[in-house]
């Protein structure tokens, strides 16, 4: 390492030709880390704000699905320090709905108009002098909702039942597209076996440390917006934002900060907030700033798509797949938000993975549900695809009694067929997949793992080994999303293809070199890798290169493909920087050649010198040559252009638009990943322990091995979360349950083992430096590899993630030991499925009074008020209907609810239904309880059955206590009823109370 | 994620803190380590008028073993207790359980009494307090009273503490000679709230098992020295009594299974380390 950090010029002996150490491919430690790790790096929230900036807080829907009946912002607006309150009305005035990627009548406004469709959907924004005041005012906005039935799963959307989210579409399946490649029917007729599987991939996300930040300003005079935000691209979304703000792109100046606290694709989803804050700045007439908090991010920022995949394979006797039928349904959330349906189409060219599968039929569907809209997320679409494909491979092996590794080997694309064109049009550009598999099994110690498995099984332990072989696409074709359109629709819209990357390299008068690229850094090591690439071209030291990672749409070179996504940094962006630097070097060589009296071809750059190849002493310093264009342009030969700055654009040659037959090469290059995972399952707790993990990568040419290993470790950690821990959970009533990191479980260093990382290098013929992406592979391969290992350990099928201990326990558990008869009453009936229900229960209490007396209490508003926890008085709102302000709380957590209470289904004195609903700053609650009264020797037996729903903040952060909290509140109600009716706590007062009750009932004068 | 406005009192003495509680009652909250309170304030789940910070009150920072109990004052942090002398002898159960409380960063701030006051049904410290038949010393400006831990917890986040009272100290019973102790917890990740946690204390003639994370508070049962099927039957009855709820992380059935299996393991482990 020391040799690399020393200046090449210091290493060069004076007499010999200057040399520079090769930099590309070297393990250069990250240049950016010193600043990041010592707190010197400045993130978006750290950057200065304009004078007069207002701070925004967003009011969000506590409901998954509801009609907005009215919003009253008067009280909030009147508060001190509040400058404006912005709602959907303002959005209608100053903005337009977002463009949607399919032809379907769905309107998505930046702020809810008329209806909310997911919990956390932005409804209003308060702009105030500081964030505290803004949040104070949020509590004063009153929104009246009419809740609507919710759609909470893909299967529910597919069933056709349920309230349509977008009534004009009429269905919650908003798009269906069939594709056919090759003769699938013939393959099925010829095949010995048909093997099918259905899997469900959950919602999850990569949860960057830094949440969204937007600073927006509106220039009234120019009618132009200026925004600073940690948006990550793709800049195909810039026109979407500009159209939503109803301005041309040139009037939406978007700047990106120099540092990012992580994105993994998620920062793409800040774009609706850029539009919201643009509208806010325009309404308020002042700059605005918004910083997303963690609850907002988890609840409502973005998510990977959930996907149901149905696969049916035509399989030969030895396990070769001859044809494949695939149905994929993506849950895109409440709105199809740009760039979706990217998650479903990003892998369209590599739907058959690393395998030679000649015939493929596909049906792609898009389902809308009452959940957060989806978007980019590390590995996006790949984790979903390979969870299905690699589970199928495992299943084929199990069904046919073959070794899963042999099934993989027999189906892999052979090296001799590279570049290989897949059935749907992907061009797998390079690699020897089989050789990589063999190297991984040898170097990864598969035989030892198998021995460990044999030993463990002999001892009765649950030990399994799983595999996954995938191709990792990088550098997305901007045309792939249009595959969702029919050929006819595409013809009308005009062709879309390519993936323009841009980079600018310039020299300053002192010989310093500056690099800018249209890509926001998010951990790929932009500074390090671009310095390596450019320093090597110029024969300079790393420290001579300044990499400016800020970005400005008004000044920098960019295209709609700009941004940091689809693993395009190494392949496209670093390569384009290499092109720009090489062009600039060639110009400098011409200048130097005339001064050194040699031909440009003979000019060499090394050790900070520019010299003649044959005579190293005939040389100039790099800075002297670089300065010429600045200081002495007059001395340049006629027709020679000064070599000051070079901007290169590059698009991968193989990226064409989809053909009439929907053939699409969806990415410029495809790396190869092969993983081996060994797990053991604890027989007591059903927890999965990863015993060993081996991951083999061929990502083309490696630009910096440390960076590659960092990317692999990061993706692997994310994938362990996907496989075992992480899920954005919702109740079947629509409430969101994963609002904190105590409930959305990201694995920590304690849970993530370090995998064995192995590499091969098969340079891509299609990228300037031969590099391919590497940062998403494990997000795609590892979840299913772990699942396959668990399936092997259990000898069972695995069809969903994450593999939580309770889920695994449910697979292996025997019938439960019976409840002893000696126990008294049955406990409240527990619903069957975890994470998917409203709050339900039932119970029985004995009240020491007759049914008539109990009835009288329940029907007397004064008495009823005294029974309801936190209620002072009920105001009559109709026959047996009341309004009240109640303070409901569990322990110290309390909120004032505006509640409506109603008694219905009256069957005196036998039965009634007591229902109520209320809302507060912490969310809403509603429930109904059916109560029956039955005379007994001791008084009245009260049997109740309830069904409750809670939404908003309390549900998002306190999910695990909602059931017991509900029971406690109901318990309080009955304790008071018993006391009122003459129970132990109220013995002395009961006669008079009784008398009063009976009088009320007209039974006593 | 910004708290609503509140006043802040950094109390110099217990008397000052108690006077503030007497004045503000329900509108006051005590801040000790802040590991539960601060996030709840930031999310506005709590909106107290005044925060009474007791972390600087020296007299509340004591750990004493006397009268058969290990008394831990209100401002003692979890890591402070872990580092206290002879914890493994004075309270082998606590020594075994404290490493399961959050992470070392949160233990450096979080207090023992704060965890008891917060009364999370899954928390380890309330569970140990119940398992060890401990007590909660409550003090108001008017009086001091001691409540048995088993009756102190009455529901999720809910205790018998009155608004004008502060937990001055909690008292864990010191081990009986020859008693064995064991603690185990099943959580999704290290440091998470327990799906199920079990603490066992076994001496010559009694098994005591306390379980957290299943009911709405830590619950304990005493049995004679049961073995084999009799122990399994007792554990099964206990599991069914606790019931458990389904949530997004685990089913009630899984929790009951853990009571049966992990309960048995901790009892066996406690037995094996009986002196």
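Exactly one residue out of B:263, B:243, B:228 is within 21 Å of residue B:182 (Cα to Cα) and in contact with a helix residue (DSSP H, G or I) (Cβ under 8 Å, 6 or more places away or on another chain): that is B:263. If we scan the range B:119-133, do we find a residue that is in contact (Cβ under 8 Å) with a residue 40 or more places away in the chain, surrounded by fewer than 24 Cβ atoms within 10 Å (Cβ to Cβ) and out of contact with any helix residue (DSSP H, G or I) (no Cβ under 8 Å at 6 or more places or on another chain)? Looking for residues that are in contact (Cβ under 8 Å) with a residue 40 or more places away in the chain, surrounded by fewer than 24 Cβ atoms within 10 Å (Cβ to Cβ) and out of contact with any helix residue (DSSP H, G or I) (no Cβ under 8 Å at 6 or more places or on another chain), one finds none in the range B:119-133, hence no. Total residues in the range B:150-175 satisfying the condition of being free of Cβ contacts under 8 Å to residues at least 40 places away in the same chain and either assigned by TED's automatic domain parsing to the domain that holds residue B:220 or in contact with a helix residue (DSSP H, G or I) (Cβ under 6 Å, 6 or more places away or on another chain) (or both): the figure is 1. Among the residues of the range A:805-817, those identified as exposed (fewer than 15 other Cβ atoms within 10 Å of the Cβ) and either at the interface with chain B (Cβ under 7 Å from one of its Cβ atoms) or out of contact with any helix residue (DSSP H, G or I) (no Cβ under 8 Å at 6 or more places or on another chain) (or both) are A:813, A:814, A:815, A:816. One residue alone among A:104, A:64 is part of a loop (DSSP other than H, G, I, E, B), buried (at least 24 other Cβ atoms within 10 Å of the Cβ), away from chain B (no Cβ under 14 Å) and touching a strand residue (DSSP E or B) at 6+ places or on another chain (Cβ under 9 Å), and that residue is A:64.
Checking the structure you have, find out if any residue of the range B:81-93 is over 17 Å from residue B:139 (Cα atoms) and outside the structural domain of residue B:161 (by TED's automatic domain parsing).
No, because not a single residue in the range B:81-93 is over 17 Å from residue B:139 (Cα atoms) and outside the structural domain of residue B:161 (by TED's automatic domain parsing).
Quick check, is residue A:774 crowded, with 24+ Cβ neighbours inside 10 Å, modelled with pLDDT of 95 or more, over 28 Å from residue A:960 (Cα atoms) and not assigned by TED's automatic domain parsing to the domain that holds residue A:118? The answer is yes for residue A:774. The range B:161-275 holds strands (runs of 3 or more DSSP E) entirely within its bounds, and those carrying 3 or more residues that are under 20 Å from the mean Cα position of the chain (by Cα), closer than 19 Å to residue B:125 by Cβ and within 14 Å of chain A (Cβ to nearest Cβ) map to B:180-186, B:196-202. Put simply, of A:203, A:140 the only residue that is within 14 Å of chain B (Cβ to nearest Cβ), crowded, with 22+ Cβ neighbours inside 10 Å and touching a residue at least 12 places away in the same chain (Cβ under 8 Å) is A:203.
Would you point out the residue of the range B:1-15, among those that are surrounded by fewer than 15 Cβ atoms within 10 Å (Cβ to Cβ) and outside any loop (DSSP other than H, G, I, E, B), that is farthest from the other protein chains (Cβ to nearest Cβ)?
B:15
Would you confirm whether any residue within the range A:293-301 is in a loop (DSSP other than H, G, I, E, B), within 14 Å of another protein chain (Cβ to nearest Cβ), touching a helix residue (DSSP H, G or I) at 6+ places or on another chain (Cβ under 9 Å) and more than 24 Å from residue A:107 (Cβ to Cβ)? Yes, the range A:293-301 contains a residue that is in a loop (DSSP other than H, G, I, E, B), within 14 Å of another protein chain (Cβ to nearest Cβ), touching a helix residue (DSSP H, G or I) at 6+ places or on another chain (Cβ under 9 Å) and more than 24 Å from residue A:107 (Cβ to Cβ). Condition test on residue A:894, is it surrounded by fewer than 22 Cβ atoms within 10 Å (Cβ to Cβ), within 14 Å of another protein chain (Cβ to nearest Cβ) and modelled with pLDDT under 90? When the stated conditions are applied, residue A:894 passes them.
Test of understanding: among A:482, A:442, A:504, A:516, which residue is buried (at least 19 other Cβ atoms within 10 Å of the Cβ) and either assigned to a helix (DSSP H, G or I) or without any contact (Cβ under 8 Å) to a residue 12 or more places away in the chain (or both)? First the steps, then the outcome.
Numbers: A:442 fails: buried (at least 19 other Cβ atoms within 10 Å of the Cβ); A:504 fails: either assigned to a helix (DSSP H, G or I) or without any contact (Cβ under 8 Å) to a residue 12 or more places away in the chain (or both); A:516 fails: either assigned to a helix (DSSP H, G or I) or without any contact (Cβ under 8 Å) to a residue 12 or more places away in the chain (or both).
Every option except A:482 fails the conditions.
A residue that is part of a loop (DSSP other than H, G, I, E, B), modelled with pLDDT of 95 or more and either surrounded by fewer than 20 Cβ atoms within 10 Å (Cβ to Cβ) or more than 14 Å from chain B (Cβ to nearest Cβ) (or both) occurs nowhere in the range A:777-787. Residues of the range A:717-744 that are within 16 Å of the chain's Cα centre (by Cα), closer than 24 Å to residue A:468 by Cα and buried (at least 24 other Cβ atoms within 10 Å of the Cβ): A:718, A:719, A:720, A:721, A:722, A:723, A:726, A:727.
There is no residue in the range B:147-155 that is assigned to a strand (DSSP E or B), under 11 Å from the mean Cα position of the chain (by Cα) and away from chain A (no Cβ under 11 Å).
The set of residues in the range A:856-905 being in a strand (DSSP E or B) and touching a helix residue (DSSP H, G or I) at 6+ places or on another chain (Cβ under 8 Å) consists of A:871, A:876, A:882, A:884, A:888, A:890, A:893, A:895, A:901, A:903. Taking the listed residues A:639, A:634, the one that is in a helix (DSSP H, G or I) and either under 51 Å from the mean Cα position of the chain (by Cα) or assigned by TED's automatic domain parsing to the domain that holds residue A:536 (or both) is A:634, with no other qualifying. Looking at A:714, A:710, A:721, just one residue is within 14 Å of chain B (Cβ to nearest Cβ) and either outside any loop (DSSP other than H, G, I, E, B) or in contact with a helix residue (DSSP H, G or I) (Cβ under 6 Å, 6 or more places away or on another chain) (or both), and that residue is A:721. Check the range B:36-46 and report whether any residue there is in contact (Cβ under 8 Å) with a residue 24 or more places away in the chain, in contact with a helix residue (DSSP H, G or I) (Cβ under 7 Å, 6 or more places away or on another chain), surrounded by 17 or more Cβ atoms within 10 Å (Cβ to Cβ) and more than 13 Å from chain A (Cβ to nearest Cβ). No: zero hits.
If you filter the range A:972-989 down to residues that are more than 14 Å from residue A:866 (Cα to Cα) and surrounded by fewer than 19 Cβ atoms within 10 Å (Cβ to Cβ), you find that the one that is modelled with the highest pLDDT is A:984.
Inside the range A:823-854, residues that are over 29 Å from the mean Cα position of the chain (by Cα), at pLDDT 70 or above and more than 28 Å from residue A:935 (Cβ to Cβ) make up a count of 0. Annotation note: of A:212, A:235, A:188, the sole residue that is in contact with a helix residue (DSSP H, G or I) (Cβ under 9 Å, 6 or more places away or on another chain) and either within 22 Å of residue A:371 (Cβ to Cβ) or touching a residue at least 24 places away in the same chain (Cβ under 8 Å) (or both) is A:212. Scoring residue B:58 on the criteria (1) within 13 Å of chain A (Cβ to nearest Cβ); (2) farther than 26 Å from residue B:180 by Cβ; (3) free of Cβ contacts under 8 Å to residues at least 40 places away in the same chain leaves a single failure, condition (1).
The values are calculated or read from the model by the stated rules, or taken from the named source; none is laboratory data. Because the structure is predicted, anything quoted here is derived from the model rather than measured. FYI the Cβ positions are ideal-geometry reconstructions off the backbone, even for glycines, and counts take in every protein chain you see.
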